[in-house]
1. Would you mind stating whether LEU60 is in contact (Cβ under 8 Å) with a residue 12 or more places away in the chain, under 17 Å from SER151 (Cα atoms) and not hydroxyl-bearing (Ser, Thr, Tyr)?
2. State all residues of segment 179-192 that are acidic (Asp, Glu) and open to solvent by 80 Å² or more (accessible area, probe 1.4 Å); if no residue qualifies, say none.
3. How many of the residues in segment 275-298 are open to solvent by 50 Å² or more (accessible area, probe 1.4 Å) and not aromatic (Phe, Trp, Tyr)?
4. Can you pull out the strands (runs of 3 or more DSSP E) entirely within segment 86-178 that have at least 2 residues that are open to solvent by less than 20 Å² (accessible area, probe 1.4 Å) and within 16 Å of CYS68 (Cα to Cα)?
5. Search segment 328-347 for residues that are in contact (Cβ under 8 Å) with a residue 40 or more places away in the chain and surrounded by 15 or more Cβ atoms within 10 Å (Cβ to Cβ) and pair each with any residue that is in a strand (DSSP E or B) and of a type in the set (Phe, Trp, Tyr) when their beta-carbon atoms are under 6 Å apart and the residues are at least 6 apart or on different chains.
6. Taking ALA385, is it open to solvent by less than 40 Å² (accessible area, probe 1.4 Å), at pLDDT below 65 and in a loop (DSSP other than H, G, I, E, B)?
7. Given the condition charged (D, E, K, R) and farther than 23 Å from PHE59 by Cβ, answer yes or no: does some residue in segment 167-176 qualify?
8. In segment 296-313, is there at least one residue being modelled with pLDDT under 90, part of a loop (DSSP other than H, G, I, E, B), on the phi > 0 side of the Ramachandran plot and touching an Asp or Glu at 6+ places or on another chain (Cβ under 8 Å)?
Amino acid sequence: MSNKYGFDFLRHTDERPGNAPLPQPAAAAAVKSVSSPTAAVADAGHKSDLEKQFMVLRFLQTHRTSGCLPPAVIYKSTGVDLSADGPNGAVSKMLIKNAKVRVEEIPDPEDPTVTILTYGYQAKFQNVRDRAGLLAQINRCKNGVGSRDLSDAYDGVEDDLTALVTAGDVLAVLNPEDKDRILFPRGEQFVVELDGHVGLAKDVMEEAERMIREEEVKAKAGGIEHGGGEMKDEAERRKDEIVRLAIARAHAERRKKLLGERTCLLTVDVDPLKQIRRGEAVWVGGTWFRLSSAVREGVPLAEQPARAHAPPSVVLNRDMSKKNDVEGYVRPFTDRRLPVDSPLPREGIRNLRDAKSARERLHGIAAGMRGVTGGAGAQLLGSYAAPSNPDALAAQFASTVAAAMSGVHHGGGGRRRPAASSSKQGG
């Protein structure tokens with residue numbers, strides 16, 4: 001029996017004989033690829049108007065960057081005919097009233113004397129198209145904005161939202177009623193530096209540099225190098241080449257995954273245990289991370305227990321759940337190890353390498369100079385360096401070196417002998 005709201009497609013009666021396969025859900029049917037317009041029409045022919053609207057809406061959302069699309073393009077991909085004299089007039093009316101759909105009337109390319117309606121996806125915040133625009137929009141919402149209202153702004157917006165929360169660029173508060181994150185502007189940041197130098201273990205850094213060089217060589221060569229050798233048959237040669245490339249790619253992906261896991265464990269030369277907690281935000285090599293709080297190995301961060309999730313805030317007033325300590329964390333956090341929640345990117349590895357080379361060079365310069373001891377030299381080269389103002393620190397270091405060199409040229413070694421003081425007798 002049909003109902004007046006048109007939700008018959010939600011009903012399900014399991015009449016499968018034996019082990020017949022489960023019927024495909026409506027959502028899956030809506031997003032599956034269609035090989036031809038004929039197949040699309042056949043696929044959409046038996047669906048209700050509500051399902052057809054859903055199919056068109058998903059298609060428009062997927063192609064949101066294309067603007068408004070004519071009925072012919074929509075029909076070719078979904079099988080839903082939205083033309084003025086088409087059979088889906090009811091669907092067209094539903095789309096016109098839908099707040100997520102933008103409708104524009106333009107001249108028909110085939111007959112300019114006639115106008116047609118074109119349809120495009122309309123996000124709640126149409127001006128948000130990238131991460132910079134996303135942050136600007138959140139900063140304009142002084143009373144907060146829900147993550148769901150921004151989730152359809154553009155492709156990849158979810159990753160950018162997570163990155164903004166991880167870095168502390170915005171404040172996130174969990175709404176217990178609808179389980180949505182409410183995002184607020186943070187305002188001016190207050191960043192505290194950790195003592196010491198951070199880096200990668202020597203073998204990990206060597207392996208990372210080797211892999212980066214190999215990827216650069218392959219990129220310049222236009223991909224994985226093709227092996228030589230003559231084949232008896234062209235078809236056999238192509239088959240062998242496909243198999244070889246597949247094996248090489250699988251090996252490279254496995255190697256990259258193992259290296260990525262090893263770059264999650266950083267080395268430090270000053271004990272960080274009293275300075276930062278698990279789950280808090282830390283900036284390493286130009287990228288924001290959270291100190292790893294995962295308790296189940298091989299499980300994505302989103303599927304970790306709730307008690308092991310990094311908090312929305314970038315700092316904590318107390319340590320995470322004691323149950324995590326009982327179960328045990330996946331990555332160790334010690335006086336010489338700093339675990340982060342995701343692999344260090346290529347640019348981050350290069351930054352750590354370059355920073356280490358710069359420190360070693362400065363150590364070499366300082367070691368060859370007379371009078372460069374303590375003061376700016378010790379501050380710049382020591383583990384407790386404070387590069388919050390690197391220009392001023394470098395200028396101070398340079399002035400110290402210049403003073404030392406000036407003392408050497410004048411034969412004074414940069415020091416003065418104390419003047420003899422005359423004793424005075426009280427009268």
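1. Working: in contact (Cβ under 8 Å) with a residue 12 or more places away in the chain: yes; under 17 Å from SER151 (Cα atoms): yes; not hydroxyl-bearing (Ser, Thr, Tyr): yes.
When the stated conditions are applied, LEU60 passes them.
2. Taking segment 179-192 first, the residues acidic (Asp, Glu) are 180, 188.
Listed by number, the list holds a single entry, GLU188.
3. Our first condition is that a residue be open to solvent by 50 Å² or more (accessible area, probe 1.4 Å); within segment 275-298, this holds for 275, 277, 283, 288, 296-298.
Cutting the leftovers down to not aromatic (Phe, Trp, Tyr) gives us 275, 277, 296-298.
Selection size over segment 275-298: 5.
4. Details: elements: 101-107, 115-121, 170-175.
Where strands (runs of 3 or more DSSP E) fall fully within segment 86-178 and carry at least 2 residues being open to solvent by less than 20 Å² (accessible area, probe 1.4 Å) and within 16 Å of CYS68 (Cα to Cα), they are 115-121.
5. VAL340/PHE289; ASP341/PHE289
6. Details: open to solvent by less than 40 Å² (accessible area, probe 1.4 Å): yes; at pLDDT below 65: yes; in a loop (DSSP other than H, G, I, E, B): yes.
The answer is yes for ALA385.
7. We begin by selecting, within segment 167-176, every residue charged (D, E, K, R); these are 169.
The next check asks that each one be farther than 23 Å from PHE59 by Cβ; those that pass are 169.
Within segment 167-176 (the criterion being charged (D, E, K, R) and farther than 23 Å from PHE59 by Cβ), the answer is yes, since at least one residue qualifies.
8. Within segment 296-313, not a single residue is modelled with pLDDT under 90, part of a loop (DSSP other than H, G, I, E, B), on the phi > 0 side of the Ramachandran plot and touching an Asp or Glu at 6+ places or on another chain (Cβ under 8 Å).
The values are calculated or read from the model by the stated rules, or taken from the named source; none is laboratory data. Everything numeric in this text was worked out from a predicted model, so none of it was measured. FYI the Cβ positions are ideal-geometry reconstructions off the backbone, even for glycines, and counts take in every protein chain you see. Heavy atoms of the whole protein, side chains included, go into the accessibility calculation; ligands, DNA and RNA do not. Shrake-Rupley method; radii C 1.70, N 1.55, O 1.52, S 1.80 Å.
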